[in-house]
Amino acid sequence: MLPLWSGIVLGLALAAAVYWALTLRARERRLIGRLQSRERGGHFLGESPDLRQILRHAHTAIREILPVSRFVLFLIGEEGKVEEAWAVSPQPDGNPSDPSPDPANPHLGEWIDPTRLLQLTATETDRSFAPRDLLAGRPSTRRLRLPLYSGDRLIAHLVLESPEKIDDARKSEIRALLGPLTSSLHALRNWTIAVTDELSGLASRRYFETRLSEEWARSDRYGSSLAVACFDLDHFKAVNDTFGHAAGDHAIRRFGVIVRNAIRVSDVACRHGGEEFAILFPEAEASAALAVAERIRQALAKETFEVDGRMFSVTVSAGIAEAAAVPTKDQLMYRADKALYAAKEAGRNKAVVWSPSPDSPLRAKRPSAHDRRPARRPAEH
């Protein structure tokens with residue numbers, strides 16, 4: 001028979017074991033509940049990947065685990081350089097800001113230091129890596145530095161800070177979120193490559209036409225505004241013939257940057273072919289599209305290019321049209337193209353809004369919803 005004190009010790013040990021088992025089980029249930037909640041709320045990645053939505057979802061999921069005082073994601077390019085920095089910041093009212101790019105981040109354009117990366121990474125297999133900060137048994141911390149790998153490819157680096165200590169239990173939950181986040185970022189990269197023109201960095205023509213059909217259908221159904229602008233680089237053949245195709249490529253790349261900096265997130269800009277470009281403006285009228293086209297035109301006109309010590313400049317002409325009173329999306333593009341030709345004929349380096357002329361074949365009004373209904377058959381007697 002065991003002494004009384006031994007029985008007490010064994011009883012306490014058994015109670016402690018049961019308590020910890022129940023605690024771990026409760027944590028597991030909470031984690032499963034959170035994951036199921038996120039599943040019901042939708043995946044990180046939607047049909048049309050949106051980095052803001054992915055980061056918004058990730059930040060919300062992490063805030064369910066611990067309070068977050070800093071959330072910064074660095075996107076790493078194929079060459080191992082920091083391409084973009086995105087941040088979510090706490091606001092005075094306690095709510096987080098919307099994810100937004102940080103163009104002034106000092107790490108933009110930096111090469112990833114392999115030696116430093118090894119200090120932050122734990123090797124799991126020959127082609128599998130995990131953030132060292134999330135390994136069990138490491139000291140609790142308020143700051144996590146999390147390299148995100150897809151296989152052996154570093155695609156992003158996430159920095160998290162919290163006013164509270166991040167213990168092993170919280171680390172295990174955070175690690176469970178990194179798989180979906182990394183998969184979404186990897187899919188986003190592949191999707192972006194598939195729909196992006198490599199030279200200009202703008203959308204491909206096929207993606208533009210898909211989005212044009214979607215926005216046209218939305219405008220047609222709800223009567224919302226929709227505008228489109230067509231652009232053409234002036235005398236571009238002369239640039240290629242005089243300075244070489246490398247000079248032309250340089251101008252196209254720079255024009256793509258100018259366009260991306262001028263448009264809204266909801267706008268869609270594409271390289272339509274060669275030196276031709278187009279921008280789709282949902283929920284916008286021709287006047288708003290004209291203002292953006294003017295900013296783009298003026299910004300390009302101020303640029304000076306240099307190739308092999310020779311300087312040159314490039315201008316652009318633009319034509320704008322809006323969906324009001326237009327019967328089809330093809331006629332919308334046709335009107336914008338006609339306005340572009342008018343800008344060329346007026347001397348180039350201009351932006352022109354399409355306007356009807358008395359003999360224009362495009363004066364037909366856009367049919368109303370009532371007009372588009374199928375005609376009723378006459379009653380048969």
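The values are calculated or read from the model by the stated rules, or taken from the named source; none is laboratory data. All values reported here derive from a predicted model rather than from experimental measurement. Cβ placement follows ideal geometry from the backbone for every residue including glycine, while neighbour counts extend to all protein chains displayed.
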Problem set entry | Hey, ALA318 assigned by TED's automatic domain parsing to the domain that holds ALA251, in contact with a strand residue (DSSP E or B) (Cβ under 6 Å, 6 or more places away or on another chain), buried (at least 21 other Cβ atoms within 10 Å of the Cβ) and in a helix (DSSP H, G or I) or not | no
Seminar exercise, completed: Across the range 113-135, the tally of residues that are basic (Lys, Arg) and either assigned to a strand (DSSP E or B) or without any contact (Cβ under 8 Å) to a residue 12 or more places away in the chain (or both) stands at 1
Seminar exercise, completed: Apart from one, (1) under 25 Å from HIS57 (Cα atoms); (2) of a type in the set (Ser, Thr, Tyr); (3) part of a helix (DSSP H, G or I) all hold for TYR149; the odd one out is (3)
Problem set entry | Members of the range 232-267 that are touching an Asp or Glu at 6+ places or on another chain (Cβ under 7 Å) and of a type in the set (Phe, Trp, Tyr) | PHE236
Seminar exercise, completed: Counting only residues that are modelled with pLDDT of 90 or more, surrounded by fewer than 16 Cβ atoms within 10 Å (Cβ to Cβ) and touching a helix residue (DSSP H, G or I) at 6+ places or on another chain (Cβ under 8 Å), the range 65-99 contains a total of 0
For this session: Name the one entry in ARG116, ARG127, ARG153 that is at pLDDT 85 or above and assigned by TED's automatic domain parsing to the domain that holds LYS81.
Result: ARG153
Exercise. Restricting the first residue to the range 136-149 and requiring it to be not assigned by TED's automatic domain parsing to the domain that holds ALA58, which pairs with a second residue that is aliphatic (A, V, I, L, M) meet a Cβ separation below 9 Å and a spacing of at least six or different chains?
Worked result: none
For this session: Taking GLU110 as the residue in question, decide whether it is over 21 Å from TRP191 (Cβ atoms), surrounded by 11 or more Cβ atoms within 10 Å (Cβ to Cβ) and at pLDDT 80 or above.
Result: yes
For this session: Spot the failing condition for MET311; the list is (1) out of contact with any helix residue (DSSP H, G or I) (no Cβ under 6 Å at 6 or more places or on another chain); (2) of a type outside the set (Ser, Thr, Tyr); (3) part of a strand (DSSP E or B); (4) crowded, with 22+ Cβ neighbours inside 10 Å, and only one is missed.
Result: (4)
For this session: Considering only residues that are part of a helix (DSSP H, G or I) and out of contact with any helix residue (DSSP H, G or I) (no Cβ under 8 Å at 6 or more places or on another chain), look in the range 152-177 and name the one that is surrounded by the most Cβ atoms within 10 Å (Cβ to Cβ).
Result: ARG170
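Let's see how each residue does on (1) more than 22 Å from LYS338 (Cβ to Cβ); (2) among the aliphatic types (A, V, I, L, M):
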site	(1), (2)
GLU209	no, no
ASP232	no, no
ASN240	yes, no
ARG254	yes, no
CYS270	no, no
GLU276	no, no
GLU283	yes, no
LEU290	no, yes
Problem set entry | Filter pass, SER368 being at pLDDT below 95, loosely packed, with under 12 Cβ neighbours inside 10 Å and of a type in the set (Ser, Thr, Tyr) | yes
Exercise. TYR222 versus (1) of a type in the set (Phe, Trp, Tyr); (2) in contact with a Lys or Arg (Cβ under 9 Å, 6 or more places away or on another chain); (3) loosely packed, with under 15 Cβ neighbours inside 10 Å: which is the lone unmet condition?
Worked result: (2)
